[in-house]
1. Once the piece of chain linking ALA63 and LEU31 is laid out straight, how much longer is it, given 0.36 nm per residue of separation minus the C-alpha distance between them?
2. Which whole-number percentage describes the relative contact order of region 3-69, with Cα contacts under 8 Å and a sequence gap of 6 or more?
3. What is the distance in Å between the Cα centroid of region 51-69 and that of region 1-47?
4. In whole angstrom, and with the biggest value first, how far do the Cα coordinates of the chain range along each principal axis?
5. ALA8 label point, 7 Å along Cα→Cβ, cut-off 14 Å on backbone N: hits in region 41-63?
6. Given the rule -39500 (n - 2.57) for each run of at least 4 DSSP H residues, summed and divided by the residues of the chain, what is its mean residue ellipticity at 222 nm, to the nearest 500 deg cm²/dmol?
Amino acid sequence: MSYEDVVAISDPVERAALADKLMWADHPRRLELRTVRGIALRAALDSGVPADDIARRLVVTVADLTWMAAPASPAAA
């Protein structure tokens, strides 16, 4: 699946989940996918999706979700 396919997914939770999955599959655009994941997670949280539901979908803890949704620092990008 291409980066563009991931970005085109309208549901932010599904977009974050797929971006996360592809990051672990050594996708050539891992850094960009990390950004997509963070933006999608923030959008899902901001729209009212419960953190527990998102964490369960991504198979992570809520604590993991918190740092995954945090904006990346410029040094990390």
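Read-outs throughout are calculated quantities, based only on the coordinates presented, and are distinct from any laboratory measurement. Given the structure is predicted, the values throughout are model-derived calculations rather than measurements. Virtual Cβ from ideal backbone geometry, glycine too; neighbours counted across all protein chains shown.
1. 9.4 nm
2. Relative contact order, region 3-69: 31 percent.
3. 14 Å
4. 30, 27, 19
5. Backbone N within reach: none found.
6. -19500 deg cm²/dmol
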